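Trainee: Here it is, the structure, as structure tokens.
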Amino acid sequence: MADTGDLKSTRFRRERERVWQEFDTLVTRFEKSGLRGLDSNELARLPVLYRAVLSSLSVARSISLDRNVLTHLENLASRGYFSVYSPRTPLRRVFVQFFTVGFRRAVRQARWHIGLAAFLMALGGVAGFVVTAQSPDLFYTLVPPGLAGDRGPASSTEDLYDVLVTGPEIEGGQLSVFASFLFTHNTRIGFLALALGFALGLPTALLLFQNGLILGAMLAIYTARGLFVDFSGWLLIHGVTELAAIILCGGAGLFIGHRVIFPGRHGRLSEVMQAGRVAARIAIGAVVLFLIAGVLEGFGRQTVIDTSARLAIAAVTLILLTAYFVWPARRAP
């Protein structure tokens, strides 16, 4: 029986080995040089040979050929799979295409929901400002203690101003601690707003409004002491990108919630899956904005003390972001 099996394996291999060798040659060249290593005829030949190798592997398994033949065909088929089906676009080009086309297109698909998210946060900001301006003691109700720190209606003007201009090297590192807490808080709010969109979008709306309340309450405290401009510079040097990221995440959450409530003609599951893909693209772009905000918060704001310079950086950031989203996206190749 062993001699019969060996003879069968030898005959099977001899009849098909030329195809395997040709496929192995093309795959090896593809692995070394990519598409440039093959001409048009060889590229057309590659999937034909791949199917022939798969056919040989299937037959070899069905008639229980020699284990060495099976192993050789399995390895060759695995290598061929990555050659035939692997992405042809380099990672760098995928990255460029995403930020020149994919991200911006996703933002435009959810533009009305993003606009609603911005409105909800702004509405919360106005409410927080008005309530705190009329009843300063409510500041402690609106702003979490960890976020407020030592700042509040009872703080002196000098103490409030010192927070805006003190670098992290000063004893206590109040600015560094507060900046870190604020960045962590806003990042958490952003991703919670996105994730909770599946709950009909209601928790997302509440989170956006609450975040606006906190900002409005903080602004009211500083405005009452004549520090509106200084606080705005301190906040906006990183806040333009950070708040934009929160609004984008919130808009993505509302976009999903809208599809849950009004699924459309394709059915709820299909519509929510499609909305989830759009929201995922927006979330990836928001991550980059959060990282940029972290750099501006961790370095720019703590090294740039002059309010005019901070406002100038914020203005440039706002112009660049606006131009990025408004400028028409080119078609993906």
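Trainee: Identify all residues within region 131-143 that are surrounded by fewer than 13 Cβ atoms within 10 Å (Cβ to Cβ) and either β-branched (Val, Ile, Thr) or under 35 Å from the mean Cα position of the chain (by Cα) (or both); write none if there are none. Spell out the reasoning first.
Mentor: Step one: list which residues in region 131-143 are surrounded by fewer than 13 Cβ atoms within 10 Å (Cβ to Cβ), which gives 134-135, 137, 141.
141 - this is the single residue of region 131-143 that is surrounded by fewer than 13 Cβ atoms within 10 Å (Cβ to Cβ) and either β-branched (Val, Ile, Thr) or under 35 Å from the mean Cα position of the chain (by Cα) (or both).
Trainee: Output the residue which, of all residues in region 7-29 that are at pLDDT 85 or above and hydroxyl-bearing (Ser, Thr, Tyr), is farthest from residue 84 (Cα to Cα).
Mentor: This residue is 25.
Trainee: Here's a follow-up. For region 257-271, enumerate the residues that are of a type in the set (A, V, I, L, M) and buried (at least 18 other Cβ atoms within 10 Å of the Cβ).
Mentor: Initial filter on region 257-271 (of a type in the set (A, V, I, L, M)): 260-261, 269.
Of everything in region 257-271, nothing turns out to be of a type in the set (A, V, I, L, M) and buried (at least 18 other Cβ atoms within 10 Å of the Cβ).
Trainee: Could you run through region 64-113 and say how many residues are at pLDDT 80 or above and over 30 Å from residue 10 (Cβ atoms)?
Mentor: Total satisfying the criteria: 19.
The values are calculated or read from the model by the stated rules, or taken from the named source; none is laboratory data. Source: prediction; values computed, not measured. Note that each Cβ is placed from the backbone with ideal geometry, even for glycine, and that neighbours are counted across all protein chains shown.
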